[in-house]
């Protein structure tokens, strides 16, 4: 089974959101295969459907003065941060072709990133009742997804060389007694984003049992057509689900 890979570089949150919606529509129509978007965002804070305003510690106006935008979106979960140095992954998958099980999907995303951390000698894992990837009491990767008619969107945010000070202005994922970390902090050195992305791609293909095929990056909102084979390196629930035309919300972040 094929999965397209598109590596977009730095993309505004608004453009990334629009591209996801277009790809979800095409995946539902069966005109594209599963697709994984990998990218970075400029400084932005996103609030999921379960977000509490008190977890945003300063106003949107104050955040804007610091160069950050704020978006309310349709994924599950609370508030989180995206910014340069953080690898964001948006899988657009039809779970009907994999497994119609949201908990399985979330565990599988976690497994991809746990395996990447292991490649760097980091023992990451899960924390009961708190989706994501953790190193002891600190979150290395956040997750928040939206599922509509079993087609997924949104996804994960993996802290690689992230400026962690931007988390000081929120209660990340609404968890007041937890911290955040990054590969750079854990290793004591910057890490090449391209290398990390390659490892994510390899483990994603292995965990989801798909053949990854890279497509030429297109401007946000434009669906690419050319594709080539990609050489791969070896190597509860937290979701919002929308079934048919009705919304139901499950917590995630």
request  = Return only the number of the condition from (1) in contact with a helix residue (DSSP H, G or I) (Cβ under 7 Å, 6 or more places away or on another chain); (2) modelled with pLDDT under 90 that residue 168 does not satisfy.
outcome  = (1)
key: Some residue of segment 87-101 being outside any helix (DSSP H, G or I), farther than 20 Å from residue 41 by Cβ and in contact with a helix residue (DSSP H, G or I) (Cβ under 6 Å, 6 or more places away or on another chain)   = yes
task = Could you tell me which residue of segment 17-33 is surrounded by the fewest Cβ atoms within 10 Å (Cβ to Cβ), considering only residues that are farther than 11 Å from residue 153 by Cα and in contact with a strand residue (DSSP E or B) (Cβ under 8 Å, 6 or more places away or on another chain)?
result = 28
request  = Output yes when any residue across segment 154-163 is modelled with pLDDT under 95 and surrounded by fewer than 20 Cβ atoms within 10 Å (Cβ to Cβ), and no when none is.
outcome  = yes
query = Within the set of pairs 6+ apart or on separate chains, which have a first residue in segment 179-193 that is farther than 24 Å from residue 127 by Cα, a second that is exposed (fewer than 12 other Cβ atoms within 10 Å of the Cβ), and C-beta atoms under 7 Å apart?
reply = none
inquiry  = Is it the case, given these coordinates, that residue 151 is in contact with a helix residue (DSSP H, G or I) (Cβ under 6 Å, 6 or more places away or on another chain), over 18 Å from residue 8 (Cβ atoms) and modelled with pLDDT of 95 or more?
reply    = yes
message = Suppose we filter 32, 58 for residues that are modelled with pLDDT of 95 or more and farther than 21 Å from residue 131 by Cβ; which single one remains?
response = 32
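Per-residue answers, yes or no, for (1) under 21 Å from residue 164 (Cβ atoms); (2) at pLDDT 80 or above:
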{"site": "7", "(1), (2)": "no, yes"}
{"site": "23", "(1), (2)": "no, yes"}
{"site": "36", "(1), (2)": "no, yes"}
{"site": "46", "(1), (2)": "yes, yes"}
{"site": "49", "(1), (2)": "no, no"}
{"site": "67", "(1), (2)": "yes, no"}
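Could we say that residue 175 is farther than 19 Å from residue 102 by Cβ, surrounded by fewer than 23 Cβ atoms within 10 Å (Cβ to Cβ) and either within 18 Å of the chain's Cα centre (by Cα) or modelled with pLDDT of 95 or more (or both) here?
Values: farther than 19 Å from residue 102 by Cβ: yes; surrounded by fewer than 23 Cβ atoms within 10 Å (Cβ to Cβ): yes; either within 18 Å of the chain's Cα centre (by Cα) or modelled with pLDDT of 95 or more (or both): no.
Considered against the rule, which asks whether it is farther than 19 Å from residue 102 by Cβ, surrounded by fewer than 23 Cβ atoms within 10 Å (Cβ to Cβ) and either within 18 Å of the chain's Cα centre (by Cα) or modelled with pLDDT of 95 or more (or both), residue 175 comes out as no.
The values are calculated or read from the model by the stated rules, or taken from the named source; none is laboratory data. Everything numeric in this text was worked out from a predicted model, so none of it was measured. All Cβ positions, even for glycine, are placed from backbone atoms using ideal geometry, and neighbour counts span all protein chains on display.
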